[in-house]
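A.B. asks: The structure's right below; bear with me while I get my questions together.
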Amino acid sequence: MRIKNLSLKNFRNYIDERVEFSDGLNVVFGKNAQGKTNCAEAVFYLCTGISPRSRRDKQLIRRGEQCAEISAEAEGRYGKMLISAKITETGREFKLNGNKITRNADILGNLFSVFFSPHELRLIQDGPDERRRFLNVSISQLSRPYYTALSRYNKILEQRNNLLKSRSLEAVYDSLPVWDEQLCKYAAVVASKRAEYIEMLSPLAKEAHSYLTDGAEELCISPEKKYKGSAAELETRLFAELSANYERDIRLGYTASGPHRDDIDIEINGDDAKTYASQGQTRTAALSIKLAEVEIFKRLSGEYPVLILDDVMSELDLPRRKKLVERTSGLQTILTCTHAERVLYGRETRKIRIDGGKVK
């Protein structure tokens with residue numbers, strides 16, 4: 001997967017700019033607050049329909065403007081494509097080769113991308129929400145059935161939670177089995193796909209982590225054991241778990257079990273990473289997970305994704321910077337930093353300087 005160029009109009013601090021990318025390492029550099037991360041963000045948004053920095057699309061529009069437009073020409077194993085997005089304060093519209101994309105699920109799977117920034121430390125340090133978000137974004141790019149099941153699961157879960165707040169207990173007890181039958185159908189797909197993904201992720205992340213640390217540390221990633229098994233087994237198990245906990249859920253006013261509550265166990269040298277890992281260990285572990293994600297995309301889609309590394313070099317020591325640059329050889333990488341020369345280490349690169357939202 002290769003992105004040839006990116007056009008930005010009224011996106012963040014860009015007025016009207018075009019960026020040309022090479023097939024290898026692209027170093028987007030400049031002083032702080034000039035728009036480097038905005039450029040990287042636009043690429044990831046076109047790939048996933050999601051901003052890695054903002055939950056509201058309207059925040060992507062340049063201040064004082066009514067809409068933002070971004071587009072990219074790309075080339076993959078199935079040929080060339082043009083993908084574009086128009087963002088307004090009330091909505092957005094994606095197009096692929098000039099044809100409107102009507103479903104969010106169809107945005108995914110056209111361009112693949114993996115995004116890493118210092119904020120990704122939340123993957124290790126923060127609560128389960130961040131780890132579930134990582135799984136959802138990554139797996140959804142590779143599997144539209146997963147994205148569809150997740151969307152339907154969340155909608156039914158919302159309706160179930162609303163029902164649990166009803167004052168009529170008779171209506172609650174009568175309706176819950178109906179909702180749970182549907183909920184568990186999609187929950188089983190979500191849980192089984194996550195388990196399959198983590199099974200692939202774990203050895204790849206372990207190997208990447210060993211490479212970055214020269215074998216000094218061991219990274220271990222595993223899913224919660226209660227969600228292991230086939231989709232059919234999970235569906236039966238989840239339905240029984242929900243049925244056995246009606247009183248608890250009614251008392252709480254929400255559904256306290258299911259894939260929306262699960263987590264990933266991450267350990268470094270046998271210790272819980274969230275509790276015991278240092279800042280440096282956390283950073284390396286999160287980066288290892290992202291490098292493993294890159295390999296999963298290659299394995300399942302047949303081609304490497306675009307790897308976006310936003311301001312990561314300033315957070316790594318010199319040996320790990322060099323190892324990271326070596327590791328990205330052979331795939332298109334967009335790397336943002338303040339000083340381009342500090343990250344080259346002999347690699348042939350395309351250097352792109354950003355100054356005040358302008359490409360120099």
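The values are calculated or read from the model by the stated rules, or taken from the named source; none is laboratory data. On a predicted model such as this, the values are computed, not experimentally measured, just so you know. FYI the Cβ positions are ideal-geometry reconstructions off the backbone, even for glycines, and counts take in every protein chain you see. Ligands, DNA and RNA are excluded from the accessible area calculation, which covers all protein heavy atoms including side chains. Shrake-Rupley method; radii C 1.70, N 1.55, O 1.52, S 1.80 Å.
A.B. asks: Within segment 66-85, count every residue that is part of a loop (DSSP other than H, G, I, E, B) and touching a strand residue (DSSP E or B) at 6+ places or on another chain (Cβ under 8 Å).
C.D. replies: Looking only at that region, the number is 1.
A.B. asks: Okay, moving on. Taking Arg53 and the conditions (1) within 19 Å of Asp16 (Cβ to Cβ); (2) surrounded by fewer than 21 Cβ atoms within 10 Å (Cβ to Cβ); (3) of a type outside the set (A, V, I, L, M, F, W, C); (4) under 13 Å from the mean Cα position of the chain (by Cα), which numbered condition does it fall short on, given that it satisfies the others?
C.D. replies: Only one criterion is unmet by Arg53, namely (1).
A.B. asks: While we're here: Which of the residues spanning segment 124-177 are of a type in the set (A, V, I, L, M) and in contact (Cβ under 8 Å) with a residue 40 or more places away in the chain?
C.D. replies: Ile124, Leu135, Val137, Ile139, Leu142, Ala149, Leu150, Leu157, Leu164, Leu169, Val172, Leu176
A.B. asks: Name the residue that is most open to solvent (accessible area, probe 1.4 Å), counting only residues in segment 79-96 that are within 13 Å of Cys47 (Cβ to Cβ) and among the small types (Gly, Ala, Ser).
C.D. replies: The residue in question is Ser84.
A.B. asks: Here is a further query. If you take the residues in segment 299-315 that are part of a helix (DSSP H, G or I) and aliphatic (A, V, I, L, M), which one is surrounded by the fewest Cβ atoms within 10 Å (Cβ to Cβ)?
C.D. replies: This residue is Leu300.
A.B. asks: From the residues in segment 211-249 that are among the acidic types (Asp, Glu) and surrounded by 15 or more Cβ atoms within 10 Å (Cβ to Cβ), which one is nearest to Arg320 (Cα to Cα)?
C.D. replies: Glu217
Listed here are the residues, each with its yes/no results for (1) open to solvent by 10 Å² or more (accessible area, probe 1.4 Å); (2) under 21 Å from Arg133 (Cα atoms); (3) not charged (D, E, K, R).
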| site | (1), (2), (3) |
| --- | --- |
| Glu293 | no, yes, no |
| Phe297 | no, yes, yes |
| Asp317 | yes, no, no |
| Glu341 | yes, no, no |
| Ile352 | no, no, yes |
| Lys358 | yes, no, no |
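A.B. asks: Could you tell me which of the residues Val312, Val306 is closer than 30 Å to Leu150 by Cα and among the β-branched types (Val, Ile, Thr)?
C.D. replies: Val306
A.B. asks: Still on this structure, I have one more. Which of (1) more than 18 Å from Ile198 (Cβ to Cβ); (2) surrounded by fewer than 16 Cβ atoms within 10 Å (Cβ to Cβ) is the odd one out, the single condition Thr284 does not satisfy?
C.D. replies: Exception for Thr284: condition (2).
A.B. asks: While we're looking at this one, here's another question. Among the candidates Arg63, Arg122, which residue alone is among the basic types (Lys, Arg) and surrounded by 15 or more Cβ atoms within 10 Å (Cβ to Cβ)?
C.D. replies: None of the other options fit; the residue is Arg122.
A.B. asks: In the list Ile268, Ile289, which residue meets the criterion of being without any contact (Cβ under 8 Å) to a residue 60 or more places away in the chain, closer than 24 Å to Ile198 by Cα and crowded, with 16+ Cβ neighbours inside 10 Å?
C.D. replies: Ile268
A.B. asks: Can you pull out every residue in segment 215-272 that is assigned to a loop (DSSP other than H, G, I, E, B), over 23 Å from the mean Cα position of the chain (by Cα) and under 23 Å from Arg283 (Cα atoms)?
C.D. replies: Matches in segment 215-272: Gly215, Ala216, Glu217, Glu218, Asn269, Gly270.
A.B. asks: Quick test for you: out of Ser210, Ser175, Ser192, pick the one residue that is polar (S, T, N, Q), more than 19 Å from the chain's Cα centre (by Cα) and within 23 Å of Asn154 (Cα to Cα).
C.D. replies: Step by step, each of Ser210, Ser175, Ser192 is checked, and only Ser175 is polar (S, T, N, Q), more than 19 Å from the chain's Cα centre (by Cα) and within 23 Å of Asn154 (Cα to Cα).
A.B. asks: Can you find, within segment 140-179, the residue that is modelled with the highest pLDDT among those that are in a loop (DSSP other than H, G, I, E, B) and open to solvent by less than 90 Å² (accessible area, probe 1.4 Å)?
C.D. replies: Ser143
A.B. asks: Return the total of residues in segment 64-92 being closer than 18 Å to Phe11 by Cα and aromatic (Phe, Trp, Tyr).
C.D. replies: 0
A.B. asks: Could you check how many residues of segment 14-65 are in contact (Cβ under 8 Å) with a residue 24 or more places away in the chain and either under 16 Å from Ile83 (Cα atoms) or not in a strand (DSSP E or B) (or both)?
C.D. replies: The total comes to 36.
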